[in-house]
Amino acid sequence: MTISSLSNEELVYQLKSQGLCFQTGPFVIKLLSSFSDVAEGIASLYADYPLASASDFIDFHIAITSPKNWRRWYRPQVEFYFDQYKPFRPLPADQAFAMFEWSSNWCVANHMHQYLILHAAVLERDGNVVIMPGSPGAGKSTLCAALSTRGWRLLSDELTLVNRKDITVTPLPRPVSLKNASIDIIKNYASDCVIGPIATDTTKGTVAHMKPSAESVQRAQEIAKPKWVVFPKYMPNSEALLTPLDKASSFMRVAENSFNYSVLHQHGFETLAGLMDCCDCYDFTYSRLDDAVAIFNNLKPPVE
Amino acid sequence: MIWSIRSNVRLNSRQYGDEFVVYCIPSGDTHHFDPLSMAILDALLDSQKNTQEIIQFVADRLNYYVDDELQEHSVQVLNELQRKKIVKRNI
């Protein structure tokens, strides 16, 4: 059963009362919230996600709630609770759904150390995975969203989970975070894409999330082998250009883009070395999405 | 001057072309080293050496000859490795 099997009333009731339990990739989230934006975002962007069964272990207990003080009425706010703990300051209430997305990423990045976790978009095509680490503003999520509407399976737009034993990538397909101009760019690029609640005036500007394809959600248990590490960079009016990178520099740059490389100590080094062994590495600059997608479609896996 | 790898330091390295990535225990730091730096570390893996012995080892390893430039660079690298708490100067 997926979330889409619930009526809107059932969804809102579960979110407000006992909590909505659903599977995202390898994790089960129990979400409590009385915010209509959260219910709307879950209904529109998470429709294809499996509901968890009563016997499933819950990895993250998340609550997106109103502060129990005067801020419920004056400039309302939203708070994130993780197991009874409140790790962040409140945000304006109209950022409730964005707060759920950010906070659930935080849960994974800070607790799931069975994986080497990279701050990177990750997609798969024909069994081959491309990992795209990128600093904020590099155009990583925009390119990821575009590729996911042109035949690439979305594994994640934000968190790449590298299995430490066999250097495969475990999918964590979640809505793709789009910021500012990227929202309209992707709406124009993929007119049938579904965009969730829009949050304005966040610390990242205007933020909205794009629904992942049903296929990527349904295939969330299919791990895949990484073949390329590509560092994307959006440069206005530039030609799409893929430039080979040496692996030692790439190693250091991927390590800088990891959430838990230093937490894993020697295991982080070994896992990242394993990743470098099976991947070709590139810098990539682009301005036009069609050109970028064409180049990605022509990537050849490294010879083993 | 005698140099050695610090007694509590263990190194795990990977070679990519002629570049190296080295993980350092116990600091947990990861370093990107060029062939000269790696040759100096290799020189000290077995035993402590004085500066001239290290430079000769490096020249042999890199198929180079000992000149002022190599001496100067080697001393710079040794000081940098000391700053990174990988090697130490023994007095």
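Miscellaneous remarks
- Solvent-accessible surface of chain B, averaged per residue with a 1.4 angstrom probe and all protein chains in place: 57 square angstrom.
- Total formal charge among the other residues, if their Cβ is under 12 angstrom from that of A:LYS16, Lys/Arg +1 and Asp/Glu -1: -2
- Of A:LYS165/A:LYS233; A:LYS233/B:LYS84; A:LYS30/A:LYS86; A:LYS30/A:LYS233, pairs whose Cα-Cα distance is over 26 Å: A:LYS165/A:LYS233; A:LYS233/B:LYS84; A:LYS30/A:LYS233
- 1.4 Å probe, heavy atoms, protein only - residues of the range B:8-51 losing at least 10 Å² accessible area vs chain alone: B:ASN12, B:ARG14, B:TYR16, B:GLU19, B:VAL21, B:TYR23, B:ILE25, B:GLY28, B:THR30, B:HIS32
- Taking θ as phi - 60° and the Karplus parameters 6.51, -1.76 and 1.60, the scalar couplings of the range B:75-90 work out to 5, 4, 5, 4, 5, 5, 5, 5, 4, 7, 6, 9, 10, 9, 8, 9 Hz in sequence order, x denoting glycine and proline.
- What the range A:238-304 shows is 47 Å² of accessible area per residue, with the surface traced by a 1.4 Å probe over protein heavy atoms.
- Using a Förster distance of 35 Å, the FRET efficiency for A:GLN221-A:VAL263 (Cβ separation, nearest 0.05): 0.85
- In this assembly, the B-A interface accounts for approximately 1100 Å² of buried accessible surface in total, computed with a 1.4 Å probe and without ligands, DNA or RNA.
- Take the Cα of B:ILE91, go 7 Å toward its beta carbon, and the backbone nitrogen atoms of the range B:1-42 under 14 Å from that spot belong to B:1-2.
- Positive-pole candidate from A:CYS21, A:VAL254, A:ASN128, dipole of the protein assembly as shown, charges at beta carbon: A:CYS21
- Dimensionless Rg ratio for the protein assembly as shown, taking C-alpha atoms and the 2.2 N^0.38 Å reference: 1.16
- Delta accessible area of at least 50 Å² on complex formation, residues of the range A:246-278, 1.4 Å probe, chain isolated as reference: A:ALA248, A:MET252, A:GLN266, A:PHE269
- Cα centre as origin, Lys/Arg/Asp/Glu Cβ charges: the protein assembly as shown dipole, Debye: 1160
- Within the range A:3-111: Cβ-based charge dipole about Cα centre, in debye rounded to nearest 20 (Lys, Arg +1; Asp, Glu -1): 580
- Taking Cβ atoms as reference points and 11 Å as the exclusive limit, the residues near B:CYS24 contribute a net charge of +3, counting Lys and Arg as +1 and Asp and Glu as -1.
- Highest GNM mean-square fluctuation among A:SER156, A:SER262, A:SER182, for chain A modelled with Cα contacts below 10 Å: A:SER262.
- For the range B:24-91, trypsin sites (Lys or Arg not before Pro) meeting the loop criterion (DSSP other than H, G, I, E, B) and having at most 16 other Cβ atoms within 10 Å: B:LYS84, B:LYS85.
- Choice from A:VAL162, A:VAL263, A:VAL254 with maximal GNM fluctuation in chain A (Cα, 10 Å cutoff): A:VAL263
- For the set A:ASP94, B:ASP68, solvent exposure ranked by accessible area (probe 1.4 Å, protein chains only) runs largest to smallest as B:ASP68, A:ASP94.
- Selected from A:LEU11, A:ILE62, A:PRO76, residue furthest toward positive end of dipole (the range A:1-77; charges at beta carbon): A:PRO76
- Counting protein heavy atoms only, the range A:93-133 has 46 percent of its accessible area on carbon and sulfur, 1.4 angstrom probe.
- Apportionment of accessible area to carbon and sulfur, chain B, percent (1.4 Å): 45
- Per residue, in Å², the accessible surface of the range A:169-237 once ligands and nucleic acids are set aside, probe 1.4 Å: 45
- Farthest toward positive dipole pole in the range B:2-90 [+1 Lys/Arg, -1 Asp/Glu at C-beta], among B:TYR64, B:VAL87, B:VAL21: B:VAL87
- Over the residues of the protein assembly as shown, the helix contribution to mean residue ellipticity at 222 nm works out to -10000 deg cm²/dmol, using -39500 (n - 2.57) for each DSSP H run of at least 4.
- Förster-model FRET efficiency, 56 Å R0, A:LYS187 and B:VAL75, C-beta, rounded to 0.05: 0.40
- The range B:2-90, dipole about Cα centre (Lys/Arg Cβ +1, Asp/Glu Cβ -1), debye to the nearest 20: 660
The values are calculated or read from the model by the stated rules, or taken from the named source; none is laboratory data. Because the structure is predicted, anything quoted here is derived from the model rather than measured. Backbone-built Cβ (ideal geometry, glycine too); neighbour counts: all protein chains shown. Keep in mind that these areas ignore ligands, DNA and RNA; they rest on the heavy atoms of the full protein, side chains included. Shrake-Rupley method; radii C 1.70, N 1.55, O 1.52, S 1.80 Å.
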